[in-house]
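Notes follow once the structure below has been shown.
Computed from the coordinates by the stated procedures, all read-outs in this text should not be read as laboratory data. These numbers were taken from a predicted model, which means no experiment stands behind them. Cβ atoms come from the backbone with ideal geometry, glycine included; neighbour counts cover every protein chain shown.
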Amino acid sequence: MASTDIVDQWAASQDLPAWFVQAMAVPREEAFVEVDGHKVHYFRWGKRGKPPLLMTHGFLAHARCFAFIAPFLAEEHDIIAYDLAGMGESEMVPDNDGDTRAAGMVALAEALDLFSGPVKPKIIAHSFGSGVALTAMELAAERFGGLIICDFMIMRPEKLKAHFQGSNGPPGSGKSDKPNNIYPDYETARGRFVLSPPQEAQAPFLLEYMAYHSMKRVDGGWSWKFDPMVFHRSVSDQAKWLQAPQRLADLQHRLAIIYGEKSKLFDSDSAAYLRELGGSHIPMIAIPEAEHHLMLDQPLALVTALRSVLALWGE
């Protein structure tokens, strides 16, 4: 079905720049597809038959983080941006470890017919979604045309240990069966929405957009869209996450990394570390002034970086 956010309650209360209004006016589809018995929510831009792109988001986020990015690529591509299981509008999948999420990414591409054309689909993923995409590439690299990672946490072991000193580990590493909190009104719920790692969004209206679409009305008020089961992690997930730098360096497929020049999770030392591990062949592009949440800080610069990599790769 057709979808637009420009007429919703959130948009009516904002002073929106012309580029955002124009991007959100680009036609798109919004739908669900069943993958292995579970509903997956997605948006689709562009035209069938164009080179396909598959996009996914960070932890506890949703596909709308690409809703104002994808339109700038839609003229030349067939684009899918989807909600990971248990986040956004997608159903949670039982025992959903990293391998299951990666297999689900491959199955989604199959279900939406992204493998049928002459050009293999390329993946664009942010943060937590990059880990899912990396595993998907390891499972089925021959079916994809490349992977663009957007600010995935990469650090030397000693720096990583210091980063998590006194905490419970990386985002999503806990286990919680506690139901999501219910807040009496949207304003109270909005007050609980923060970015991780903490940062000020350089485009505050985009932060408001993401916050508004991270919540839903429920009996008694407002609550989060994500399923609390997404916090569960397996031992295998933790091991793979710690091995991510070497896995990236060893990936025998087209790979590029875009990161925020001021990111707390991927910086110039992260790039140097990957090169030391054997990843000198990987293009690594720093976006000036951006932190971890590239699309909330420098959305148009992110578009330019994505266009550049895709143009370099061609088909």
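Odds and ends about this structure:
- A Förster radius of 30 Å combined with the Cβ-Cβ distance from A162 to E75 puts the calculated FRET efficiency at roughly 0.10.
- Among I148, I124, I69, the ranking by other beta carbons within 10 Å of each residue's beta carbon, starting with the fewest, stands as I69, I148, I124.
- Panel order for S236, S130, by other beta carbons found within 10 Å of each beta carbon, from fewest to most: S236, S130.
- Under 13 Å between alpha carbons - lysine pairs in the chain that sit 8 or more apart or on different chains: 4
- For V35, the residues whose amide H sits under 5 Å from its own are V40, ignoring neighbours fewer than 5 places away on the same chain, with H placed 1.01 Å from N.
- Gain on full stretching of the segment that runs from S234 to Q246 - 0.36 nm per residue minus C-alpha separation: 2.3 nm
- Antiparallel %, DSSP beta bridges [both residues in the chain], to 5: 50 percent
- Against the compact-protein benchmark of 2.2 N^0.38 Å, the Cα-based radius of gyration of region 77-123 scales to 1.23.
- Residues V218 and S268, FRET efficiency given R0 of 41 Å [Cβ-Cβ distance, rounded to 0.05]: 0.40
- For D113 and A141, a Förster radius of 22 Å and the Cβ-Cβ distance give a FRET efficiency of 0.65, rounded to the nearest 0.05.
- Alpha-carbon Rg/Rh ratio, for the chain, with Rh computed the Kirkwood way: 0.93
- Amide H contacts of I258 (H built 1.01 Å from N, under 5 Å, at least 5 apart or other chain): I149, C150, D151, I285
- Stokes-Einstein diffusion coefficient of region 172-309, Kirkwood radius over Cα pairs, 37 °C, 0.692 mPa s, in µm²/s: 187 µm²/s
- Taking θ as phi - 60° and the Karplus parameters 6.51, -1.76 and 1.60, the scalar couplings of region 67-77 work out to 5, 10, 9, 4, x, 6, 10, 6, 5, 10, 9 Hz in sequence order, x denoting glycine and proline.
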